[in-house]
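To keep things clear, I will list the structure first and then write my remarks on it.
The values are calculated or read from the model by the stated rules, or taken from the named source; none is laboratory data. Since we're looking at a predicted model, the values are computed, not measured. Don't worry about glycine lacking a Cβ; one is built from the backbone with ideal geometry, like all the others, and counts go over all protein chains shown.
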Amino acid sequence: MLILAKAILALMIGFLMAAFLGLVLLPFLKKLKMGQRVSIYLADAHKSKSGIPTMGGLIFILSTIITITVLFIMGKLEFSYNLLIVIFVFISYAIIGFIDDYKSIKNNNNVGLTEIQKLLLQVVVALVFFFLYMKGGGDPTLEIYTLNIKIDMGWLYGFFLLFVLVGSSNAVNITDGLDGLAGGLSAVAFLAFGLISWGAGWTEGYQEIAILCFVLVGALLGFLIYNTYPAKIIMGDTGSLCLGATLATVAILTDHELTLVGVAGVFVIETLSAIIQIISVKLTGKKVFLMTPLHHHFEKLGWSEPDIVKLFWVVGFILGMAGIAFGVWI
């Protein structure tokens, strides 16, 4: 019961903090004219979103950091080496996203950092994470506990972690295209990994990592008050980049990298749709989808934005619960 009480308390504080910060940050960002610029290639329904404040990720980012700090001061949370790694990745990728959003607004278009600049910064943070992970006793072994499989990857493990971290970060970023889509899916994914983390007793600071996940779930739910259709604020790269990277970090630290593929299945499918489209156009000159990522394909088919989001949320919830069963129970 104590574990359940801690989880609910963390979630509740994160939610209340985000709900309050939203009331403060929304008018502040409007006053600073931090409105997003909508791509000319998107459907006409998206044109009305031009000017809606972006950098909304600050709501759940600040809420999470403040809540974790408060819990630490109250003696409800102990800082561990692994928790510091998670927070480092969380803040670092948020800063990359913030720079990208700020440059986009300053340039008065939908282009912030170049793809090379963004990727380079992501790789640098990923390399620092790898160094910290290995220094903390990280094992270059890929484990599938349910099947009792262990694969010693040796030096290739570094490239594997780099791929997981950067890939996950960009997968959430790609998915953030409809009101509430990435936020809702991320809340489900962090709920799943909060439970998975609490079962990963072999990981130093596993309870603290779980609490951070639950705080982030609450903060994301508070953020969705302002981000669901019709959105009053947009997550932006500030939020999407850090969510994906943090999710991957938790998966790596708890040795559930492959479980991440299932829990974050919708993010993976969205990314694959974009990759398949690019390859098909380059090789055959034909499109597989009307538009990518996949949620835009459904828009082109005539689906309403709320219906697409609800469908993707349901699929994400099913995959998340399956991930819990695979990662904890089975």
- With the checklist (1) modelled with pLDDT under 95; (2) of a type in the set (Asp, Glu); (3) in a helix (DSSP H, G or I) in hand, flag the one item Glu270 doesn't pass. (1)
- Query: From the list Phe72, Phe130, which one is touching a Gly at 6+ places or on another chain (Cβ under 6 Å), without any contact (Cβ under 8 Å) to a residue 40 or more places away in the chain and over 25 Å from Ile52 (Cβ atoms)?
  - Reply: Phe130
- Task: Could you list, in sequence order, all residues of segment 282-324 that are more than 28 Å from Ala231 (Cβ to Cβ) and surrounded by fewer than 13 Cβ atoms within 10 Å (Cβ to Cβ)?
- Result: Lys282, Leu283, Thr284, Gly285, Lys286
- Which residues, taken from segment 201-223, are out of contact with any Leu (no Cβ under 8 Å at 6 or more places or on another chain), of a type outside the set (D, E, K, R) and more than 18 Å from Thr67 (Cα to Cα)? Gly201, Trp202
- Among the residues of segment 207-226, is there at least one that is farther than 21 Å from Pro306 by Cα, surrounded by fewer than 21 Cβ atoms within 10 Å (Cβ to Cβ) and β-branched (Val, Ile, Thr)? no
- Query: With respect to Leu11, is the statement that it is among the aliphatic types (A, V, I, L, M), within 20 Å of Met235 (Cβ to Cβ), surrounded by fewer than 17 Cβ atoms within 10 Å (Cβ to Cβ) and at pLDDT 90 or above true?
  - Reply: no
- Task: Would you be able to say whether some residue in segment 312-320 is in contact with a Phe, Trp or Tyr (Cβ under 8 Å, 6 or more places away or on another chain), touching a residue at least 12 places away in the same chain (Cβ under 8 Å) and assigned to a helix (DSSP H, G or I)?
- Result: no
- Query: Any residue in segment 181-196 that is under 13 Å from the mean Cα position of the chain (by Cα), in a helix (DSSP H, G or I), closer than 12 Å to Leu247 by Cβ and of a type outside the set (A, V, I, L, M, F, W, C)?
  - Reply: yes
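For every residue, the table says whether it meets (1) more than 12 Å from the chain's Cα centre (by Cα); (2) touching a residue at least 24 places away in the same chain (Cβ under 8 Å); (3) under 15 Å from Phe60 (Cα atoms).
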position	(1), (2), (3)
Phe223	yes, yes, yes
Ala231	yes, yes, no
Ile234	yes, yes, yes
Gly239	no, yes, yes
Val250	no, yes, no
Leu253	yes, yes, no
Leu260	no, yes, no
- Message: Which condition from (1) in a helix (DSSP H, G or I); (2) free of Cβ contacts under 8 Å to residues at least 60 places away in the same chain is the one that Trp202 breaks?
- Response: (1)
- Message: Leu260 - would you say it is more than 26 Å from Met134 (Cβ to Cβ) and aliphatic (A, V, I, L, M)?
- Response: no
- Task: Have a look at Ile116, Ile174, Ile144 and point out the one that is farther than 19 Å from Leu243 by Cα, modelled with pLDDT of 90 or more and not aromatic (Phe, Trp, Tyr).
- Result: Ile116
- Across segment 121-159, what is the number of residues that are out of contact with any strand residue (DSSP E or B) (no Cβ under 6 Å at 6 or more places or on another chain) and either farther than 22 Å from Tyr81 by Cα or in a loop (DSSP other than H, G, I, E, B) (or both)? 16
- Among the numbered conditions (1) over 19 Å from the mean Cα position of the chain (by Cα); (2) in a helix (DSSP H, G or I); (3) over 22 Å from Ile59 (Cβ atoms); (4) not hydroxyl-bearing (Ser, Thr, Tyr), tell me where Asn109 comes up short. (2)
- State all residues of segment 158-180 that are buried (at least 21 other Cβ atoms within 10 Å of the Cβ) and more than 21 Å from Gln277 (Cα to Cα); if no residue qualifies, say none. Leu161, Val164, Leu165, Asp179, Gly180
- Note on the structure: When segment 128-149 is checked residue by residue, the ones that are surrounded by fewer than 12 Cβ atoms within 10 Å (Cβ to Cβ) and within 25 Å of Gly323 (Cβ to Cβ) are Leu147, Asn148, Ile149
